[in-house]
Amino acid sequence: MTDAPARLPRVRASELVGRGWLNTGGEAISLAELRGKVVVLDFWTFCCINCLHVLDELREIEARHRDVLVVIGVHSPKFVHEADPVALAAAVERYEVHHPVLDDPELVTWSAYTARAWPTLVVVDPEGYVVAHIAGEGHGHAIEALVTELIAEHDAKGTLHRGDGPYVPPPVQPSTLRFPAKAIRLPGGNLLVADAGHHSLAELEPDAETLVRRIGSGERGLLDGPPDHARFSEPNGLCLVPDELRGRLGYDVLVADTVNHALRGVRLADGHVTTVAGTGEQFMVGGQENVAPGPDGTPWVDDRTGMTYDSDPRHVRLSSPWDVAWSAELAAFVVAMAGTHSIWAFDDEQHQIRRIAGTMNEGLVDGLGDGAWFAQTSGVAVGPDGRIWLADSETSSVRWLSPTRTPVPADAATPGDLTGAVTVHTAVGHGLFDFGHRDGPADQAMLQHPLGVAVLPDGSVAVADTYNGAIRRYDTPSDTLTTLATGLAEPSGIVVDAHEDGTLDLLVVESAAHRLTRVRLPAKLAGEILDAGAHRTARPVTEVGPDELRLEVAFTPAPGQKLDDRYGPSTRLQVSASPPGLLLEGHGDGTDLVRTLRLDPAVGEGVLHVTAQAASCDDDPAIEFPACHLAQQDWGVPVRVVDGAERTLRLPLLG
């Protein structure tokens, strides 16, 4: 039995066309040059957390088969900033992409391979034929199985050529910081920086330049211990532990160790690092249980959310925690769990970590936490009034939570509920595909992929508007957005220093410039009103016919599995549209993966948002406890209503 995806009919792979190449020493690559190699095309965009997960999934496969496998990253940008070749080169370096990358800003190759979602993987055999087309993350095992099959098959046929691939590593310039992510001010006045590109933490003197010490060996990995032995993997968020908890918890700083899918505690006295939550394995929505069973065998299920938890947070699988902040109202650390588009709370005294908001669907939906949608939340800050401010990067929005904490009944069936009711609000932002640099009233203002937030002394919120290269300010009383500073290189974090004369210094983490930059603000915060325009994500539009449109999600279970309908319907389909008026009929939830939609020709065009799920289990009656898997994929398909166009929209879902 194999886990490889089913082979597609033999179709010649399209040529690789774009603006240029990275990681090739300046040379272009053609498919003809790759004959004899197994080729995996990875359609990605560097803003996308799911795409970053795929990069990590492919690392070991690349290393294992480097003499016969060539991975080609096809960069197909979502945001305007991502189409900048300088920004792309920085991202390739930042995320340690060790294979050639085609810069495809006009989505020429994306269109040729009919990609509809980030990420998409296409496998091409050594004879130049497409043999698999897979959307989404979590398919590393299937890619490995298929690559292994192709190697054996073409080795036997004599069509496999071994030897070096076309990858040429670019030179790396040494610097104190390398793609720093976030920073905090330490009690003694020094700064602690999450030095993501060096896989470590850097303590700097108050001048924000002089290195005092480094915590972490600088090698990517997950190891606890003293500072020269411990390892991180692209750490991002940092939070000081409240004074009263440091002695009891045994650490002073909590770190969101993003690519390790873990939270780490750092003791400042000697730099010792301890893992306090997470197993080091990524929790996959629809994949394995989010709990690795602990030695005490006490996992439990939250009936409200369906999530499984354990009495030891170190046994719970997490997914790309990006930032952390302390909430006194919750008496817990708030965690932006970017990888599952959700918000979690970590209470180390009670040994609890659990989701408090977000369905794990990607989008912008407010309301009670259990039903809210987020999209790769990457920044967290808590205001003096207890509001929890969020930079929700993929919806280019600033949002906030109003928390309460409900006492735990003595006879509770579970160890307790950290929040009771959390309500989600959006201050600025319009959704997954609308962004720009526009100041003014919040309902008209726009951001572009913000990664950080900080609360200013007057209660307003400073926003690291990353892809606009700006610091923006959201003022709550007037409900307006203004610009405080521009010309920054991917700002991702902000440290606020208030002075006695009322002036403010913002220490901005300029990630792509590898430094911290000081921005002086006057005592009277006003900001500048700028309007650099609005944008929508530009992707090829699918023309569809008027009146009825048949939507088909074609689900293919993995080999050896079948649909699992033992407990009711095993599939689910959610459909909506932007603007909502585009979809006259067919919106909402259902269990059938085929649905008839009716689009409004008067609206004419927009984006269909489709989320599909399908559960499958081992198809072998001899297996007493069959392994099950929930496949899930989100699509945002731009459509235009045109007379005479196709009346069927097919989307593939692989088990």
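The values are calculated or read from the model by the stated rules, or taken from the named source; none is laboratory data. In this text the structure is predicted, and so the values were computed from the model without any measurement. Note that we place each Cβ from the backbone using ideal geometry, even for glycine, and neighbour counts take in every protein chain shown.
Pick from P652, P626: which is in a loop (DSSP other than H, G, I, E, B), modelled with pLDDT under 80 and not β-branched (V, I, T)?
When all the criteria are applied, what remains is P626.
Going by the structure shown, is A202 in contact with a strand residue (DSSP E or B) (Cβ under 8 Å, 6 or more places away or on another chain) and farther than 30 Å from V11 by Cβ?
yes
For R185, indicate whether it is among the basic types (K, R), buried (at least 19 other Cβ atoms within 10 Å of the Cβ) and closer than 30 Å to V212 by Cα. Lay out the reasoning, then the answer.
Values: among the basic types (K, R): yes; buried (at least 19 other Cβ atoms within 10 Å of the Cβ): no; closer than 30 Å to V212 by Cα: yes.
Judged against the criteria, R185 is not a match.
Here are some conditions: (1) acidic (D, E); (2) within 29 Å of the chain's Cα centre (by Cα); (3) farther than 19 Å from S511 by Cβ. E244 meets all but one. Which one does it not meet?
(2)
Restricting to segment 204-230, what's the tally of residues that are part of a strand (DSSP E or B) and crowded, with 20+ Cβ neighbours inside 10 Å?
2
Just the residues that are among the charged types (D, E, K, R) and without any contact (Cβ under 8 Å) to a residue 24 or more places away in the chain, please, taken from segment 478-509.
E500, D501, D505
Read through the list (1) of a type outside the set (A, V, I, L, M); (2) without any contact (Cβ under 8 Å) to a residue 60 or more places away in the chain; (3) not in a loop (DSSP other than H, G, I, E, B), then give the number of the only condition that E57 fails.
The number of the failed condition is (2).
Considering each of V365, V316, V335 in turn, give the residue that is at pLDDT 95 or above and not small (G, A, S).
V335
Would you tally the residues in segment 40-75 being touching a Leu at 6+ places or on another chain (Cβ under 8 Å), of a type outside the set (D, E, K, R) and under 22 Å from Y129 (Cα atoms)?
Quick first cut of segment 40-75, residues touching a Leu at 6+ places or on another chain (Cβ under 8 Å) only: 40-44, 46, 54, 61-62, 68, 70-75.
Restricting the remaining residues to those that are of a type outside the set (D, E, K, R) gives 40-41, 43-44, 46, 54, 61, 68, 70-75.
Remaining after also requiring under 22 Å from Y129 (Cα atoms): 40-41, 43-44, 61, 68, 70-75.
So the count comes out to 12.
Looking at segment 21-37, can you tell me whether even one residue there is of a type in the set (A, V, I, L, M) and closer than 23 Å to T377 by Cβ? Walk me through how you get there before you give the answer.
Applying the first criterion (of a type in the set (A, V, I, L, M)) to segment 21-37 yields 22, 28-29, 31-32, 34.
Remaining after also requiring closer than 23 Å to T377 by Cβ: none.
No, the conditions are met nowhere in segment 21-37.
Within segment 485-494, how many residues turn out to be in contact with a strand residue (DSSP E or B) (Cβ under 7 Å, 6 or more places away or on another chain) and surrounded by fewer than 21 Cβ atoms within 10 Å (Cβ to Cβ)?
Residues in segment 485-494 being in contact with a strand residue (DSSP E or B) (Cβ under 7 Å, 6 or more places away or on another chain) and surrounded by fewer than 21 Cβ atoms within 10 Å (Cβ to Cβ): 2 in total.
Yes or no, residue by residue, for (1) part of a helix (DSSP H, G or I); (2) surrounded by 13 or more Cβ atoms within 10 Å (Cβ to Cβ):
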position	(1), (2)
G138	no, yes
A152	yes, no
D155	yes, yes
T159	no, yes
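Quick check, is A145 assigned by TED's automatic domain parsing to the domain that holds L34, more than 23 Å from H75 (Cα to Cα) and free of Cβ contacts under 8 Å to residues at least 12 places away in the same chain? First the steps, then the outcome.
Values: assigned by TED's automatic domain parsing to the domain that holds L34: yes; more than 23 Å from H75 (Cα to Cα): yes; free of Cβ contacts under 8 Å to residues at least 12 places away in the same chain: no.
In short, no.
Applying the selection to segment 436-450, what residues are in contact with a helix residue (DSSP H, G or I) (Cβ under 7 Å, 6 or more places away or on another chain) and assigned to a strand (DSSP E or B)?
H437
Pick from A391, A381: which is under 30 Å from G469 (Cβ atoms), under 17 Å from the mean Cα position of the chain (by Cα), not assigned by TED's automatic domain parsing to the domain that holds C51 and not acidic (D, E)?
Result of the check over A391, A381: A391.
For residues that are under 20 Å from L401 (Cβ atoms) and assigned to a strand (DSSP E or B), tally how many sit in segment 458-471. Explain how you work it out, then say what you get.
Initially, segment 458-471 is screened for residues under 20 Å from L401 (Cβ atoms), giving 459-464.
From what's left, assigned to a strand (DSSP E or B): 461-464.
Summing the residues that are under 20 Å from L401 (Cβ atoms) and assigned to a strand (DSSP E or B) in segment 458-471 gives 4.
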